[in-house]
Each structure stands twice: as C-alpha cells, then as structure tokens.
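Structure first, commentary second.
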Amino acid sequence: MSGMSRPTKKLGSWLRRHSLTLVAALGGAAGVAYAAGWHSPSTARATAVETSTIAISAAPAPEAVRDDVQDTVQIALILDTSSSMDGLINQARSHLWKIVDDMGKMTRVVNGKTRGVKIELALYEYGNSRISQEAGFIRQVLPLTTDLDKVSEELHGLFTSGGSEFAGQAIETAVTSLQWSSDPAAMRFVFVAGNEGFNQGTVRAETAMAAAAGKDITVQLIYCGHEDTTWEAAAKLAATDLVKIEQNHVAVHIASPQDAEILSLGNELNGTYMAYGAEGRASVERQSKADASSAKLSPKVALERAQLKGKKAYRNDNWDVVDAVENNRKFLEQAPDDKLPAALRGKSLAEKQQVVADNAAKRAELQSKIAKLEAERTRFVEQKRAKEGGAAVPSLETELMKSTKKVATKKGYK
C-alpha cells in the first residue's frame with residue numbers, strides 16, 4: 001500500500017477491522033464478495049469492492065407482501081329524517097362512494113404483510129313520524145352489510161317527515177342490536193347526524209356513550225344546525241370532536257379529459273359480473289340502478305361510483321361468482337349447479353374455472369385502466385383546484401375521514 005495516501009491507508013485499516021460487521025450489513029453475495037476481497041490480494045480486493053458496490057446499487061427495493069386476510073371496518077350511519085333534513089339525505093346519497101373509497105384505502109401491516117380492509121355499512125333513520133313512537137321513531141333500514149348497492153338503494157328510498165329526534169336512543173339501539181366484530185383490531189364507528197337538541201328522549205348521552213365505549217365503538221356526532229350546546233356536550237362524552245357540516249351544500253364537479261372513458265369502463269365492468277343464487281338477478285338490476293341513480297345525482301357522483309367499482313372495496317361475494325371464487329377457492333366445487341348462472345351450468349369443473357378466470361382477467365384489465373385514468377384525473381383536478389383556490393365547504397365527504405384517521409392511527413392503520 002506504498003502508493004496510497006494517509007487518508008486512504010486509514011480507511012483500509014478501518015475496513016479490515018470491521019469487515020465482519022460489514023458482511024452482516026451488506027448480506028448475501030455483496031457481503032461475501034466484500035469479505036473475500038479485503039482478506040485477499042489487492043487486485044481481488046478492488047474487484048470485490050466493485051462487485052459489492054454494483055450489487056448494492058442494483059438491489060431493488062423490497063415490495064410489500066399483500067395479505068389475503070382483510071381487517072374489518074364497521075360503520076353504522078344514523079340519519080335524522082325528520083322534516084327539513086333532505087339536504088343531509090342527499091349528501092349521504094351523493095358521498096357514499098367517495099366515503100367508502102377513502103376508507104377502503106386504509107391498510108395495516110401484520111407480520112410483515114400489508115392488509116387491506118373490508119367495509120361493512122349499517123343504516124338507521126330516526127326522528128321520522130312514519131315510525132312508531134314505541135320504537136323511539138327509530139328504524140333499522142339495513143344491518144351491517146358489504147352490499148354497497150343495497151345501501152345505495154335504501155338511501156334513495158328515504159324521505160323526510162316531521163318527528164321527535166331521540167339521538168341517544170338511536171345510538172344505543174345501533175350499539176346493542178348490530179353484530180359488531182369482536183376483533184380488537186377492527187374499527188367500529190357510529191356516525192349520527194341531526195339538527196335538533198341532542199337530549200330528547202329517555203336515553204341520555206352518558207348512557208349511549210358508555211354503551212358504545214364498552215364495545216370499543218367510536219361515536220362521531222355530525223351537527224347540521226346552528227350552535228347547540230347539547231351536541232357539544234355529547235361529543236365530549238364520546239371523546240370525539242363535534243363535526244359541523246352545511247347539509248345543503250352541493251359539491252362542485254370539476255370536469256376532466258378522463259371523465260368519459262372512466263364512466264365507459266365503469267359500465268363495461270358490469271359485463272364481468274356473473275350472478276348466482278336466488279338474489280342474483282335482483283342484485284344485477286340493483287347494480288345498474290345504482291349506476292343510474294348516481295348519474296342522476298351528478299357527474300361527480302357517477303365518476304366516484306365508477307372509480308370505486310374498480311377497487312377491492314366494491315365486492316359482491318354474496319351474488320357474484322367471480323368475487324365468490326376469489327374469496328373461496330372451492331366455491332365452484334361446492335355450489336349447486338342450478339344456483340349458478342346459465343353460462344356455467346352443465347360444464348365440468350375445469351370448464352367452469354376457465355370461464356370464471358376469463359371474467360376475472362377481463363375485470364382486472366378494466367380495473368387497471370380505471371386506476372390509471374383515475375390517477376391522471378386526480379392530478380388534473382388537484383392542479384385546477386390549486387389555481388382556483390378556495391377552502392372546501394364542510395360536508396360528510398370532507399369531515400368523516402378526519403374523525404376516522406385518529407382512530408385508525410391508534411390501531412396501527414395508515
């Protein structure tokens with residue numbers, strides 16, 4: 001090493017002393033090559049250093065392994081359907097797809113694998129005079145379900161009528177009557193929206209919030225009226241921030257060059273569904289009806305539905321063969337032939353599997369195209385919003401994710 005400068009000599013000495021540590025740090029072929037080089041003649045040493053450097057720089061970043069297991073997010077949406085609450089119902093109809101889409105993006109790493117989430121929704125209405133007083137003017141519209149099209153259908157069937165708003169009793173009813181997950185990692189929410197005093201009825205806020213806390217259910221209050229101290233006090237008991245929204249606000253649609261193709265692909269996705277069982281035909285019709293009702297609400301809602309249909313959060317295991325097979329690999333072996341769609345009846349198992357695989361591949365291709373277009377559209381809209389400026393008006397769409405993020409962070413979700 002006579003031709004080397006003093007700093008180079010010092011570096012070489014340090015590297016020789018710490019070679020074993022570096023082997024462990026480098027790992028694999030790079031580490032072995034490095035150690036061999038520093039304990040061999042100088043020529044080999046130089047070659048080894050080059051090899052290790054190349055190996056390190058060429059090593060790809062490790063990809064997150066996707067887990068087949070899904071975590072559960074359960075939401076009971078309780079809407080005040082008394083008089084003057086039409087704006088709230090319209091927001092729930094309009095923002096359903098975006099809310100589910102946003103929540104469906106949450107992930108959690110367990111044992112080195114990334115888990116997605118399964119969204120279950122329940123729907124209640126309260127404060128409507130059409131419902132009996134004995135029931136507290138409260139009605140369970142839907143139990144917890146993953147069938148988002150059915151939720152949409154029921155939301156579009158709600159209408160307002162004057163009544164008394166027993167918010168505390170509505171919360172207690174949802175907490176005690178639904179089949180909540182017992183998994184400690186699951187996220188459980190009750191979202192209750194209204195605009196009258198919170199302390200009506202016989203169930204006090206303290207009782208309702210204690211019942212929810214006992215099952216690790218987060219209660220988020222959404223106030224649609226002017227200032228009301230009873231909602232503020234109830235929110236403190238729930239240990240959440242009171243959300244205040246402008247119920248009559250209608251979100252502005254920003255058109256983009258990608259809109260038409262996203263909508264076209266969303267409609268094309270319907271052709272990949274294979275209805276089975278007694279409810280199959282009705283479910284196919286419900287899917288088309290949800291497309292039509294979304295388009296009727298606004299172009300923005302129609303796009304958000306098409307984009308959601310391109311994601312895992314939109315699943316129909318209960319009536320679609322493709323989703324059912326993905327959830328249960330033995331579904332085709334177990335399902336009676338007469339319960340399957342006509343395209344599969346009378347075929348061998350291998351033939352059935354091929355037909356389903358073809359539909360799954362076609363769906364994946366369409367979903368991939370939608371995802372690409374959605375990313376392009378998001379960039380376009382963000383740039384346009386940045387130029388135009390202006391603060392977002394608080395609505396169900398803008399506020400619900402704020403409350404869920406706090407709970408998600410505590411439980412290790414991103």
Practice item. May I ask you to list the residues in the stretch 199-217 that are in contact with a Phe, Trp or Tyr (Cβ under 9 Å, 6 or more places away or on another chain) and modelled with pLDDT of 95 or more? Key: 203, 205, 215, 216, 217
Practice item. Hey, can you tell me all the residues within the stretch 303-345 that are assigned to a helix (DSSP H, G or I), more than 18 Å from the chain's Cα centre (by Cα) and touching a residue at least 24 places away in the same chain (Cβ under 8 Å)? Key: 321, 322, 324, 325, 326, 332, 339
Check your understanding: When only residues in the stretch 83-117 that are of a type outside the set (Val, Ile, Thr) and in contact with an Asp or Glu (Cβ under 7 Å, 6 or more places away or on another chain) count, which is surrounded by the fewest Cβ atoms within 10 Å (Cβ to Cβ)?
Key -> 113
Review point. So how many residues does the stretch 122-148 have that are β-branched (Val, Ile, Thr), farther than 15 Å from residue 172 by Cβ and surrounded by 17 or more Cβ atoms within 10 Å (Cβ to Cβ)?
Key: 3
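Does residue 410 satisfy the criteria of being without any contact (Cβ under 8 Å) to a residue 24 or more places away in the chain and closer than 27 Å to residue 224 by Cβ?
Numbers: without any contact (Cβ under 8 Å) to a residue 24 or more places away in the chain: yes; closer than 27 Å to residue 224 by Cβ: no.
So residue 410 does not fit the description; no.
Look at the stretch 222-245 and say how many of its residues are assigned to a loop (DSSP other than H, G, I, E, B), surrounded by fewer than 17 Cβ atoms within 10 Å (Cβ to Cβ) and without any contact (Cβ under 8 Å) to a residue 60 or more places away in the chain.
To start, the set of residues in the stretch 222-245 that are assigned to a loop (DSSP other than H, G, I, E, B) comprises 224-228, 239-242, 245.
The next check asks that each one be surrounded by fewer than 17 Cβ atoms within 10 Å (Cβ to Cβ); those that pass are 225-227, 239, 241.
The next check asks that each one be without any contact (Cβ under 8 Å) to a residue 60 or more places away in the chain; those that pass are 225-227, 239.
Result for the stretch 222-245: 4.
Given the options 278, 357, 313, name the one that is modelled with pLDDT under 95 and either of a type in the set (Lys, Arg) or over 20 Å from residue 105 (Cβ atoms) (or both).
On the way: 357 fails: modelled with pLDDT under 95; 313 fails: either of a type in the set (Lys, Arg) or over 20 Å from residue 105 (Cβ atoms) (or both).
Step by step, each of 278, 357, 313 is checked, and only 278 is modelled with pLDDT under 95 and either of a type in the set (Lys, Arg) or over 20 Å from residue 105 (Cβ atoms) (or both).
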Review point. Hey, does the stretch 177-198 have a residue that's crowded, with 21+ Cβ neighbours inside 10 Å and of a type in the set (Ser, Thr, Tyr)?
Key: no
Practice item. Go through the stretch 116-165 and give me each residue that's part of a strand (DSSP E or B), of a type in the set (Val, Ile, Thr) and closer than 18 Å to residue 91 by Cα. Key: 141
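When the residues of the stretch 377-414 are filtered to those that are in a helix (DSSP H, G or I) and of a type in the set (S, T, N, Q), which remaining residue is farthest from residue 117 (Cα to Cα)? Explain how you work it out, then say what you get.
Step one: of the stretch 377-414, the residues in a helix (DSSP H, G or I) are 377-388, 396-410.
If we keep only those that are of a type in the set (S, T, N, Q) as well, we get 378, 383, 398, 403-404, 409.
Working: 378: 22, 383: 30, 398: 20, 403: 17, 404: 14, 409: 14 Å.
Restricting to residues being in a helix (DSSP H, G or I) and of a type in the set (S, T, N, Q), the top hit is 383.
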Exercise for review: Return the pairs, sorted by first residue and then second, in which the second residue is part of a helix (DSSP H, G or I), the first residue lies in the stretch 367-383 and is under 13 Å from residue 254 (Cβ atoms), the beta carbons are less than 9 Å apart, and the residues are 6+ apart or on different chains.
Suggested key: 377/259; 377/262; 377/303; 377/307
Practice item. Check whether at least one residue in the stretch 356-363 is buried (at least 20 other Cβ atoms within 10 Å of the Cβ), out of contact with any strand residue (DSSP E or B) (no Cβ under 8 Å at 6 or more places or on another chain), part of a helix (DSSP H, G or I) and of a type in the set (A, V, I, L, M), and report yes or no. Key: yes
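Only one residue in 300, 244 is among the basic types (Lys, Arg) and within 26 Å of residue 369 (Cα to Cα), so which one is that? Full working, then the answer.
On the way: 244 fails: within 26 Å of residue 369 (Cα to Cα).
Answer to the check: 300.
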Practice item. Working carefully through the options 270, 248, find the one that is over 23 Å from the mean Cα position of the chain (by Cα) and either within 26 Å of residue 295 (Cβ to Cβ) or not hydroxyl-bearing (Ser, Thr, Tyr) (or both). Key: 248
Review point. Does the stretch 365-386 hold any residues that are within 18 Å of residue 314 (Cα to Cα) and not aliphatic (A, V, I, L, M), and which are they?
Key: 365, 367, 368, 369, 372, 374
Check your understanding: Do any residues in the stretch 132-144 that are in contact (Cβ under 8 Å) with a residue 24 or more places away in the chain have Cβ atoms under 6 Å from those of residues that are part of a helix (DSSP H, G or I) and hydroxyl-bearing (Ser, Thr, Tyr), where the two are at least six apart or on different chains, and which pairs are they?
Key -> 138/173
Practice item. Return the residue satisfying two criteria in turn: it lies in the stretch 219-253 and is out of contact with any strand residue (DSSP E or B) (no Cβ under 6 Å at 6 or more places or on another chain), of a type in the set (Val, Ile, Thr) and at pLDDT 90 or above, and of such residues it is farthest from residue 169 (Cα to Cα). Key: 229
Review point. If you check every pair at least six apart or on different chains, which have Cβ atoms under 7 Å apart with a residue in the stretch 82-105 that is closer than 27 Å to residue 137 by Cβ and basic (Lys, Arg) first and a residue that is in a helix (DSSP H, G or I) and modelled with pLDDT of 90 or more second?
Key: 93/155; 93/156; 93/297
Practice item. Take the stretch 246-262 and flag every residue that is under 30 Å from residue 325 (Cβ atoms) and either of a type in the set (Val, Ile, Thr) or crowded, with 19+ Cβ neighbours inside 10 Å (or both). Key: 262
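The values are calculated or read from the model by the stated rules, or taken from the named source; none is laboratory data. Remember, it's a predicted structure, so these values are computed and weren't measured experimentally. No Cβ is skipped: glycine too gets one built from the backbone with ideal geometry, and neighbour counts run over all protein chains shown.
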